Every structure is written in structure tokens, then in C-alpha cells.
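Remarks on the structure that follows.
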Amino acid sequence: LPSATMGAAVSALNNVGYSTQKNVVIKSWSLSLLYYSILAVVFAYVVGFTLVAKKGYQATVPAVGSIALKVKGIASRPSPPGSNAPPELWDASDLTVYDATSVFVATNIMRTEQARGVCPGTHEDEACALPSGRHEGEASTECREGAVSRSGAQTGRCVPALFSLGDEEMTRGACEVRGWCPGEPDADALAPLENVGNFTVFLRTDVRFPGMRDKFGRTFDVTNANGTEPTLGWNLFTLDEILTMGGVSYEDVKATGADLQMNIYYDCDLDNALEACVPRMPFEVMRIDTADSSLSHGYNARWLSAVKGDGPKASKGTKFDENADTRALVKASGPRIRVSITGVGRRFDLEQLTTVVGAGVALMGVATAVVDVLLLYVLPKRAKYFGLKYQTYGAGDEDLSCGGGEAARESREDAEEPLLAA
């Protein structure tokens, strides 16, 4: 048993080998041309494209920005035909709604002056059959006391109500409700304002590149405030210009509005002066509402405004509470512009340069791999090249002894026979 074990161990040790590289020179101009052509392509890609064109020697960080918006302008609505009243005027404070990163500018205004009381409901789902049986074909629901519908809480009564059908006014049954009266009309009145397209939008941006610092240790910070002076085309744009950036015309959105996304993109080479760090122009503006759909078309918002004079006048079927609260409900359509800031900051980085160069050097091994595949598996004398490239020697082979020089020289002479010969 010990001798058998010893024999197995010796056999295993004899099968253990050490691999070393061996250079075989192939005298072929066509293979040499292929090899150096691949090297040239790889070198041009690494140096010309990756390092020079794409500036692969620079590290990048995403931009982090904030924005402030301010809208100014005066809009008007002409007086109705035959009226001697002056046109109604609105300024930007009447027509704009701001939030953290967007602004809404109204281009079409509908006001409903209201007071608390009881009145007929104004929506289609509040229609009912009058007790007299008139307009029975128009009945769609029954009034239920205490049920909450779009105009308010129903009293359970069905009362006559005026509604418009084209240019005509007609009477039909409507569920009486308690709430803000009169209710908001079910159909929108389209009377767009004039001159809103000339409103100016001031954009003050501030962009930082966290992790990248100047020689004083401060984070790189870029602003377009340009002192305190608004500059057209730089930080000041008209509403028409912003819409045009997204391929949208003011005429398309003035009646029903639009929901727009505007992206301000910075690509800054921080190895240069900060004055060269400017956003890409024109800005990227995209309409995100479904312009060709009736389900989610345009954009509108509601807010409360001051009541004119003594408040709303009671119409047929409307009764206000004593000393009732009053308000003016404004429904406005127009473009809402959401603003975002994206981008990158780039700066020389030794670690990044080392990584790119190392990857390029490794990529040059593709040339050797391609030529070896041709020699080992494609060319006619692939078997002979395989034997030259991969040889196995045992410890007792005389090629490894001092007297094996002649055999080695003969092997080299044989190898000089062109492998690409027919």
C-alpha cells in the first residue's frame, strides 16, 4: 500500500506543469498589416475618441441646481361688441400661480361670483325630471336629500333651472343644492386674454457641482443672475419664446392651456473659467399633457378672488343666506411650465486618466487575439502553427539539457518556413 501511494503521488507530480510565454515570429506581411492596423484603430479610439473627444481624463459629477421664477406683464380682454365699457385689464399678479419649481400663467379666465345659499345644480349629473312632467326625456337622476353632488348638498327638491344651448337659453329640471351659489358652469367659456404671450419670465438659476472644489476649497457654484440685470435671451424670455422652444404656439394653448416640462442642461468643463459654464441653448421644452386627447387635454387651475361691488346677484331659483359669505371662484386655463436643472461638471482626475489608459492598453490585446485565431483555426497550416505555439517538455527531455542546442536550432530553422504558403 505505501508503494502504491508513492507511485500515485509521483504520477500526479509528473502531470503538474509550469506554463511560460513563447514568442513565435511569423514572417507574413499580410498578418503584420492586420495586426498593426488593429493596433492603430484601438490606439485612435483610446486616444482620439476616449481621451480627446470625450475627455476621458476628467471625472464627472451630476449638477445640483435651484431655480427662481418671476413673471411680469399686462393682459387685456376687449369689451363685448356694442359695449362702451373699457377693456378689462389684468397684470401678472392676477394671472400667475407659483410653486417651488414651476409657474402657471393664465390665458383664459372664467369668474363665478358666489354666496352661500340654495340654488339649482349646474352639472349634467344633477339634472332631474320636473314634478309637472315637463322635459321628462332629460331626466338622468333623482334628487336625494343629503346626497353630495358636484355643486353642493342636495335638498331633495327638483327645481326649474336655466341653461344655455348654443346661443339659446332653455329651462330644465335640476336638483336643488345647498352650497356656493350659483354653481360653477358645466361648460367652459372661451374668451382668451390678449398680450399674455408677451409676458416676460425671469429665470434665476444656481448650479453647484458637489465634490468638486476650486483652489480655495469652495464648491464650484454657477449662477445666471448676471448681477441684478435681466438680459433677454440669457435669463429673461417671453412666454412666446418658451413655447416656441417646445414647438408649441401660443394660439394652440391660449384657450385650453398646456402642461410643459422645461429642462435647463449644464455641461461644464471646470478646468476652464467658470464664465464658460453656460446652459445649453435653446432649452429643452416638451409638452407632457395629451394634446390630442379629450380626457387629459390642456391645463387649468382654480383660485379665489375678490368680489365686485355688492356681490353676486340672485338668479331664478337662487336664494342666498342672510349675511352670507361671498367669494369669486376663478377657473383659469393656460400653460404651466415646470422647470428642472440637470447636467454634469467635469474636471481633470489622475485616477480617471489611469483607468482609461489601463483599459486602452488591455484593449490592444485584441490585435493579438484576432491574429492568433486566424493562425490557429483558419489558415491552411494551422496545425503547424499550433505545434510551434504550444509545446510540452518533460524534465528528462534532452531539449532542455545543455546538449540540446542543435535540436533547438533545427526547430527554429523549420519554423522559418512561411506558414501562409500554399
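Structure notes:
- By accessible area with a 1.4 Å probe, ligands and nucleic acids excluded, highest first: order of M262, M110: M110, M262
- Once the 1.4 Å probe is applied to the protein heavy atoms, segment 139-282 comes out at 54 Å² accessible per residue.
- Among the chymotrypsin sites (Phe, Trp or Tyr not before Pro) in segment 355-390, those placed in a DSSP loop whose Cβ has at most 14 other Cβ atoms within 10 Å are Y390.
- Solvent-accessible surface of segment 340-379, averaged per residue with a 1.4 angstrom probe and all protein chains in place: 55 square angstrom.
- Two numbers describe the Cα atoms of segment 255-369: Rg and Dmax, which are 29.0, 96 Å.
- For I109, the solvent-accessible surface computed with a 1.4 Å probe is close to 10 Å², ligands and nucleic acids excluded.
- Volume per residue that the Cα convex hull of segment 192-232 spans, once the total is divided by residue count, Å³: 92
- The rule of thumb for compact globular proteins, 2.2 N^0.38 Å, goes into the C-alpha radius of gyration of segment 227-288 1.37 times.
- Of the trypsin sites (Lys or Arg not before Pro) found in segment 150-216, those in coil by DSSP whose Cβ has at most 16 other Cβ atoms within 10 Å are R150, K215.
- Overall dimensions of segment 29-99 as given by Cα atoms, namely Rg and Dmax in Å: 32.1, 96
- When the C-alpha to C-alpha distance is required to be over 25 Å, the pairs from K27/K381; K22/K384; K254/K319; K72/K254; K72/K313 that qualify are K254/K319; K72/K313.
- H123, H297, ranked by accessible area, largest first (probe 1.4 Å): H297, H123
- V25 contributes an accessible area of around 110 Å² to the protein surface, as traced by a 1.4 Å probe with all chains present.
The values are calculated or read from the model by the stated rules, or taken from the named source; none is laboratory data. None of the values given here were measured: they were computed from a predicted structure. Using ideal geometry, Cβ is built from the backbone for each residue, glycine included, and neighbour counts are taken over all protein chains shown. Note: areas computed on protein heavy atoms with side chains; ligands, DNA, RNA excluded. Shrake-Rupley method; radii C 1.70, N 1.55, O 1.52, S 1.80 Å.
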